[in-house]
Amino acid sequence: MNHIELFAGCGGLSLGLESTGFELLLANELSPMAAETFAFNFFGEDLDGLAAGATVRKHPAKTKWLSSNFAVDQMASRLREDPRGTPPVAEGISDLQETKDLKGSLVIGSIVELNKWLARNDDALNALKTGFGTGGVDLVSGGPPCQSFSMAGMREYSNARNILPQEFANFVKMTQPKMALLENVTGILRPFDVDGEKVYAWFEVAKAFVGANYVPLCLHVNAKFAGVAQNRPRFLMVLFRKDVYLSLAQTCSEDERALMAPSKQFYDRAKADPSLAYSADELPCFDVANARHLSLFRNSFLSPLVKFCDKPYSVRDAIDDLKGKSGARSGYVDYLDSSLARHTRVPAIYAHVPGKAPKNHDLRRNSPLVQRRFRIYQVLSTLPRKVQREVKAILSGDSLVLSDESFDLLAKHQYVGADQSRIKFGSSGKDELIAFLLAHKTKKQTQKALDPLVPAPAALSIPDDACHYENLRTLSVREMARIQSFPDSFVFRSKVTTGGKMRKFEVPQYTQVGNAVPPLLGRALGKIFGELLGRLDKESSLPSFNESSLSRHEETLQA
């Protein structure tokens, strides 16, 4: 099985897919910082070492820049280049000179420019379409940047990034894989208000793929049900080339037909009317939170997405052994090692040694003030929401009110005093507690302490998102990576964090982890596509892809 990975990031989805037998034909990523991590783990290429002149090889063998302002021997400048200022391919310095440069490579650059380059280079496009001689592309997958769709992000329909799903569809139309996968935040399901009218971005994306002759199956899933120690809802669009859909339709069980049939009905309507308007009945989005839909997941090829539905892994399962000598290694960590670790190919000198501290586990230093605030969050994580709301209103400076009921619960706990000693507030100390809270005011209202007994919350992309459930500190990169289901053998590269204006284009280690598709979710998806591709092999009647053969094939099936 082979795949092409668009919007590859640091490689979470690719790692999961490769663990189920997929081979990478090509990857594309815009950010040089995220690409540095991808190249390190999948190719064993140390781009930072090349920049420092620390290795014999002068140029990376598999990491190619589509276009840059800098020459290949200026690797340090390339790795810190702002992608927004990268010139078009015709005007920049490109590493893609021959078709063979593409095979098994990571191409750093804009998907928009890559599509233009392929449209101008027939030999390269034809080689890609044939899977470089393997017979074709099995899967194109990726998650376009989601900030403008996210409920926690910019939430702008007119944002320039919103053209990227269309560029994804354009790439799929050119390369004609058997199947495709688009992954995104669930905010894409929420309508945008555009000049007083509701616009559903996911529905428009589905129509774009219909225009490329792909049948869309839309899913609302949660990574925790696939084994990830994080409560991470995601939107998935699984896409079948029409001839592939027709062949797979012959293999479907009753539950699978209930999943697939509405997609074909939508395809037919959208094909006949490209301006088809949204309605809730046109294209269902099957949701694991819906009991009836969950049954369909369990009884179909989608079952790997709900394997851990009854007992998801917790934060403690993911990171407890990293907190110190008292932490115990869990079955979750063993699962990451057994299923994913062997699929990383970092240089030997950086390889993880079992029993020793993993890479990327450098603990951040937080000021005494921040540590005292973290202790407040730890206490709040054990108390009812009403108490949390009252305390957070005080911490934000919006209130001076604390109910007696809330005070009674808060007074049972210890806090950290100015001298870092443990303190408590007595039965008559409500005013003192309010003053203590006011001394630790903050506008960072998303901060919280992790609950060790449940999966982590989804918003973990910057260091300050969450603090440890016992230690008075933020999580390390490795702890966030564990929660996201990366094995310890996966090493994150580039700078650790960023801030200010640099945040607009830099993708440091924390952001790489937070933006990634969790590898265990990728593994579940790899099993799904592997199952479907296996059915196609058994069918062995897949026609060549053209409109006339499709019509004949569909008439035969309907008969």
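FYI, it's all coordinate maths here, none of it is from the lab. The structure displayed is predicted, hence computed values, not measured ones. So basically every Cβ, Gly included, is an ideal-geometry build from the backbone, and we count neighbours across all protein chains shown.
Taking the centroid of alpha carbons for each part, the stretch 180-211 and the stretch 392-465 are 39 Å apart. Based on DSSP H segments of at least four residues, each scored -39500 (n - 2.57), the chain has a per-residue ellipticity at 222 nm of -10500 deg cm²/dmol. Here the residues V315, V306, ranked from fewest to most Cβ neighbours within 10 Å of their Cβ, fall in the order V306, V315. Taking every C-alpha pair closer than 8 Å and separated by at least 6 residues, the mean separation divided by the residue count of the chain gives a relative contact order of 19 percent. From most to least packed by mean Cβ count within 10 Å, the peptides 472-483, 21-32, 328-339, 109-120 give 472-483, 21-32, 109-120, 328-339. Once both axes come from the Cα atoms, what is the angle between helix 32-42 and the longest principal axis of the chain, in degrees from 0 to 90, rounded to 10? The angle comes out at about 70 degrees. Taking other Cβ atoms within 10 Å as a rough exposure proxy, C467, C285, C309, C218 sort from fewest to most as C309, C285, C218, C467. For the stretch 368-448, the relative contact order is 40 percent, taking Cα pairs closer than 8 Å that sit 6 or more residues apart in sequence and dividing their mean separation by the residue count. Could you work out the local net charge near G136, counting Lys and Arg as +1, Asp and Glu as -1, over the other residues with Cβ closer than 9 Å to its Cβ? That works out to +1. Placing unit charges on the Cβ atoms of the charged side chains and taking the dipole of the stretch 368-448 about its Cα centre, the candidate lying farthest along the positive direction among G426, Q445, L380 is Q445.
The mean of 1/r over all distinct Cα pairs in the stretch 368-448, once inverted, gives the Kirkwood hydrodynamic radius of 12.5 Å. Computed with the Debye formula from one identical point scatterer per Cα of the stretch 295-375, without solvent, the log10 of I(q)/I(0) at q = 0.16, 0.20 Å⁻¹ comes to -0.88, -1.07. Centre-to-centre, using Cα atoms only, the stretch 286-355 and the stretch 88-121 are separated by 35 Å.
Lys/Arg Cβ at +1, Asp/Glu Cβ at -1, dipole of the chain taken about the Cα centre: which of S403, F235, A34 is farthest positive-ward? Value computed over the given set: S403. Per residue, the convex hull spanned by the Cα atoms of the stretch 51-122 measures out at 87 cubic angstrom. For the Cα trace of the stretch 1-140, dividing Rg by the Kirkwood Rh returns an Rg/Rh value of 0.95. Largest first and in whole Å, the equivalent-ellipsoid semi-axes of the chain read 42, 29, 22, each the square root of five times a Cα gyration tensor eigenvalue. P(r) tail for the stretch 458-526: Cα pairs beyond 18 Å make up 40% of the total. Of the residues K224, K307, the one with the fewest other Cβ atoms within 10 Å heads the list, and the complete ranking is K307, K224. Rounded to the nearest 10 degrees, the inclination of helix 368-380 to the longest alpha-carbon principal axis of the chain is 80 degrees.
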